[in-house]
Amino acid sequence: MFNKILIANRGEIACRVIRTAHRLGIRCVAIYSEADANAMHVAMADEAVCVGPAPSKDSYLKMDTILEVAKQTGAQAIHPGYGFLSENAPFVQKCQEADIVFIGPPASAIEAMGSKSAAKRIMEEANVPLVPGYHGEDQDPALLKRHSDEMGYPVLLKATAGGGGKGMRVVWAADEFDSALDAAKREAMNGFADDTMLVEKYLTKPRHVEIQVFCDKHGNSVYLAERDCSVQRRHQKVVEEAPAPGMSDELRKAMGEAAVRAAEAIGYEGAGTVEFLLDEDGSFYFMEMNTRLQVEHPVTELITGQDLVEWQLKAASGQTLPLKQDDVQINGHAVEVRIYAEDPDNDFLPATGKLEYLRTPEENRYVRVDTGVREGDEVSIYYDPMIAKLIVWDENRDRAMQRMSQALTEYRIAGMKTNTHFLKRLIDNPAFRAAELDTGFIEKHEETLFPGTSGNSQGGSHSANPLALAALYTLLKQGQQRQAEAVHSHDTTSPWHQFSGWRLNEEPALAVRFKVGDEEKSVQVNWLNQGYRLSIDGHIVIADGKLEDDVLKASFNGHNRNAFVAELAGHITVFTDQGAFECQWLHPDLDNHEFEEEGGSLTAPMNGSIVAVLVEAGQKVTKGTSLVIMEAMKMEHTITASSDGTVTEIFYQAGDLVEGGADLLAFEAEEA
Ligand code: ADP
């Protein structure tokens, strides 16, 4: 076994590899770009070397620099992770020349799978079932069309050099063929500088089922069951699970053996994945082989109890595989979702920025979080915006999905758009729960998966009104701030450090204002002896609670519930088991744009200056008497008495500047 390896990657997969390596007593050298100097994988590694500026082509893809670092640091092997140099045959060649082990297959195996049509020819030979179609060298458009006509439509045109869904076109009818071929060729030329095409029968309701295979240097090969990755958007995986729902032992064996034949046909070594389309009638067809560790490998680890990175390290260092085929066992069900910085309601537009607030579910034997970022880290424009993979396991699919739904609500991110609420809707979707899976799942269920609520996914009569939670948060937060100020000033009894609407027999009141989407919402607050009366859209809620850091222990009409709140400069995100709710607190201190006078309040509604004090200390006034005139946001606001009573003390004079929320005067209401 190696005693030192270099990890030619970043993010969650670099951290993932380091974890296993450390467990096996192997030292790790990380490489990083200038943008990643403070990244998690750098902090986790035993040594780290900067290999260049932020763009991948100048750092993580710099083959010679990386090999130089490996030599200098005495690393015996390089783990490429996925992406970057993981399927780059010339890099594998260079490693070999430099006498450094590449933890992956030989260059020849990567090359054999590099072209979709060449791969199909090899698989045909190895007796691996293929989607009916044409993958010959003759590219005469008339010939391609003739093959399509004979197969019958729809057909799928695929660029043989393609990847990531580029250069692919579905042709639904013969008269669309020519224009579709032109478009696919153009896209392929632009993407891969190669417009060679193949034609396949287009399956209209297939599932994507892939087999994990492993081969060692001693001629042993095993398959570690399958993963169902049917839930995709634009041919990119969104949810992966293992085992595939409804998979029979016979079908698993047939697909597994076909996958092993595929791997053996190209002299494979290490971890690989053979992707198949599984048709409704149980027929399966080879699609492609990925010659690396896959993003979704953890679901296989959780159902087999194996560590695939350990297997990779063992195989690459010349050991035999840890298990024989008959010893591979499947236990329970695992599911993985990819948490991305992106906006699902805006065509999954990637998001970037700082992870200002990040809380993850607790990891245990059921829940696993593979991530490469911490709170405060940046999701930059340079790399894949994946924040983490969330993986859960349980005894069966139902329980695993229930657990995933719960874990997603515990994955709390603020400061950046993410897909967590979309993932939760997906996991909770009844058709998904019923395992009605095929690659068109997301399109088919668009209406329920994208309800167009701009991320505010709360609702339902049984859930707490999220606006009430936000309002309660602001009240408790301000109370805490006043108390902190009081402690700081050693004068806890000063009216300066009290936070309440005002102490009148007439209940003191104020309005907390929010912006929710484009709408402005106002919550009317009345102070009670214990707690508050909140009035929201005509509904009254008796609210009370405690705020401990980000945990809001709320009680609404005697019903206790916990929520979590992240606040970034007045931008409030409330997390409950119903999802995340976002609003902007139009706090008087926080650049409040609008203000309406609230009757009965004797506090300054917002930052401003005192224009005039119209009363004196000791003066008796009647309800409605004007007491103080303030100016804020270039507007005058008059604060009036909300009952008959006596002004006992005045805290400000004309010309003074006051902070929003500050008490302006003390008032004693007349006994009725
Ligand atoms: P890429 O290499 O660009 O990712 P693949 O060949 O792996 O392309 O196909 C990506 C996805 O496209 C598959 O997961 C599947 O959803 C869909 N697909 C591919 N071939 C077919 C086919 N013949 N019929 C229906 N869907 C297909």
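The values are calculated or read from the model by the stated rules, or taken from the named source; none is laboratory data. Just so it is clear, the structure is predicted and the values come from calculations on it, not from any experiment. Counting neighbours? That spans all protein chains shown, and the Cβs are built from the backbone with ideal geometry, glycine included. Ligands, DNA and RNA are stripped out before the accessible areas are found, and what is left, the full protein with its side chains, is counted by its heavy atoms. Shrake-Rupley method; radii C 1.70, N 1.55, O 1.52, S 1.80 Å.
How much length is gained if the chain between residue 50 and residue 670 is pulled fully straight, taking 0.36 nm per residue apart and subtracting their Cα-Cα distance, in nm to one decimal? Don't jump to the answer; show the numbers that get you there.
Values: separation 620, 0.36 × 620 = 223.20 nm, distance 7.36 nm.
So the extension gain works out to 215.8 nm.
Normalising by the residue count of the stretch 22-77, find the relative contact order in percent from Cα pairs under 8 Å and 6+ residues apart.
On the way: 70 pairs, mean separation 17.5, N = 56.
Once divided by the residue count of the stretch 22-77, the mean separation gives 31 percent.
Would you rank 423, 657, 143 by solvent-accessible area, highest first, keeping every protein chain in place and using a 1.4 Å probe?
The ranking, largest first, comes out as 657, 143, 423.
Using alpha-carbon pairs under 8 Å, 6+ residues apart, how would you state the relative contact order of the stretch 219-325 in percent?
Across the stretch 219-325, relative contact order equals 27 percent.
In angstroms, what radius of gyration and Dmax does the stretch 334-485 have, counting Cα atoms only?
For the stretch 334-485, the Cα-based Rg and Dmax read 17.2, 59 Å.
Exactly which chymotrypsin sites (Phe, Trp or Tyr not before Pro) in the stretch 171-204 are in a DSSP loop and have at most 15 other Cβ atoms within 10 Å?
Filter output for the stretch 171-204: 172.
Residues of the stretch 319-344 with backbone nitrogen within less than 17 Å of a virtual label 7 Å along the Cα-to-Cβ line of residue 234, please, listed as ranges.
Under 17 Å, as judged by backbone N against the label point of residue 234, lie 338-344 of the stretch 319-344.
Among 335-344, 563-572, what's the highest-first ranking by average C-beta atoms within 10 angstrom per residue?
On the way: 335-344: 23.2, 563-572: 19.0.
The most tightly packed comes first, giving 335-344, 563-572.
Can you sort 233, 121 by solvent-accessible area, 1.4 Å probe, largest first?
121, 233
Can you tell me how much longer the chain between residue 174 and residue 448 gets when fully stretched, taken as 0.36 nm per residue apart minus their C-alpha distance, in nm with one decimal?
95.2 nm
Which value, in debye to the nearest 20, describes the size of the charge dipole of the chain about its Cα centre when Lys and Arg Cβ atoms bear +1, Asp and Glu Cβ atoms bear -1, and nothing else is charged? Write down the numbers at each step before the final one.
Details: 63 positive and 104 negative charges, 323 e Å.
It works out to roughly 1540 debye.
Going from most exposed to least, what order do 422, 450, 348 have by accessible area with a 1.4 Å probe? Let's see the in-between values first.
Values: 422 0, 450 50, 348 25 Å².
Putting 422, 450, 348 in descending order of accessible area: 450, 348, 422.
Please determine, in degrees from 0 to 90 and to the nearest 10, the orientation of helix 11-23 with respect to the longest principal axis defined by the Cα atoms of the chain, where the helix direction is its Cα long axis.
Helix 11-23 and the main axis of the chain meet at about 70 degrees.
Give the accessible area for residue 638 in Å² (nearest 10); use a 1.4 Å probe, count only protein heavy atoms, and leave out ligands, DNA and RNA.
My reading of the accessible area for residue 638 is about 40 Å².
Assuming 0.692 mPa s and 37 °C, estimate D for the chain with Stokes-Einstein, Rh taken as the Kirkwood radius over Cα pairs, in µm²/s.
Reported coefficient: 114 µm²/s.
Give, in nm to one decimal, the length gained when the segment between residue 127 and residue 516 is fully stretched (0.36 nm per residue of separation minus the Cα-Cα distance).
Difference between extended and current length: 134.1 nm.
Using label points projected 7 Å from each Cα along Cα→Cβ, tell me how many nm separate residue 82 and residue 98, to one decimal.
That separation, rounded to one decimal, is 2.5 nm.
Residue farthest toward the positive end of the dipole of the chain, with Cβ of Lys/Arg at +1 and Asp/Glu at -1: which of 618, 440, 355?
Checking the options against the dipole of the chain, the answer is 440.
To the nearest whole percent, what portion of all C-alpha pairs in the stretch 1-154 is separated by more than 18 angstrom? Don't skip to the end; give the middle numbers.
Details: 7489 of 11781 pairs.
Roughly 64 percent, rounded to a whole number.
Label-point separation (nm) for residue 317 and residue 626, each offset 7 Å from Cα along Cα-to-Cβ?
8.5 nm
Hey, with R₀ at 56 Å, roughly what FRET efficiency would residue 43 and residue 611 work out to, going by the Cβ-Cβ distance, to 0.05?
So, using R0 = 56 Å, E works out to roughly 0.50.
Hey, what angle do you get for helix 249-265 against the long axis of the chain, alpha-carbon based, 0 to 90 degrees rounded to 10?
Approximately 60 degrees, to the nearest 10.
Can you give me the distance in nm between label points at residue 250 and residue 64, each placed 7 Å from the Cα along the Cα-to-Cβ direction?
Each label point is offset 7 Å from its Cα along the Cβ direction, giving 5.8 nm.
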